[in-house]
Amino acid sequence: MYDSTLVPKFYKMNPATDELLPDGTRLANGMVVLLSSPDFRVRIENPMDDWELARALENNRWCTVSNVRVMDGHGNKIVSFIATYEDGTQSKKTYDTSYSWLAKKDSISIAEIAKTERYRALHSMVSDLLGSTPPASEFFDDQVEEITQQMLRMFS
């Protein structure tokens, strides 16, 4: 049988443990990620030839990213990183930054979580609930930030 760490082609994200990163510019060292599009993955339920197995081992497994670099490509931006898989194997990966990624929430730092759309929406909601016209104070901003992070931990 195949590697038990392979995810199915049509893996469905688990909102309790996974966060959608809308593009490759959001990748950061230490994140555990998987390309979100099933177009890159292989059907692991079917017998695979050598090429499909190699592709599955590259794209159907979660990996920890390191040496993340975003740079200019040929008219677009690309992201490059070292992918380290659970078994310790590594490969250098380069993708267009337009591709979205799934990241394990427990691998995302607070600074990176603050960049996500979900965080910004929750932050806005907390700010609105605490007062429609907030006083111009750093205390208010700190309070909104603290409550937002508490809510994220509570519902994650």
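The values are calculated or read from the model by the stated rules, or taken from the named source; none is laboratory data. Remember, predicted model here, so these are calculated numbers, not experimental data. No Cβ is skipped: glycine too gets one built from the backbone with ideal geometry, and neighbour counts run over all protein chains shown.
Condition check ((1) touching a Lys or Arg at 6+ places or on another chain (Cβ under 7 Å); (2) in the same structural domain as I78 (by TED's automatic domain parsing)) across all residues:
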| residue | (1), (2) |
| --- | --- |
| F10 | no, no |
| P22 | no, yes |
| R26 | yes, yes |
| V33 | no, yes |
| R41 | yes, yes |
| M48 | no, yes |
| E52 | no, yes |
| N59 | yes, yes |
Options A28, A16: the member that is surrounded by fewer than 13 Cβ atoms within 10 Å (Cβ to Cβ) and in contact (Cβ under 8 Å) with a residue 40 or more places away in the chain: A16
Residue count, segment 20-32, condition in contact with a helix residue (DSSP H, G or I) (Cβ under 8 Å, 6 or more places away or on another chain) and closer than 14 Å to V65 by Cβ, comes to 5
Number of the condition not met by E112 [criteria: (1) surrounded by 13 or more Cβ atoms within 10 Å (Cβ to Cβ); (2) at pLDDT 75 or above]: (2)
Number of the exception - H74 against (1) part of a helix (DSSP H, G or I); (2) more than 15 Å from the chain's Cα centre (by Cα): (1)
Restricting segment 1-56 to residues that are modelled with pLDDT of 90 or more and among the β-branched types (V, I, T), which is nearest to the chain's Cα centre (by Cα)? V33
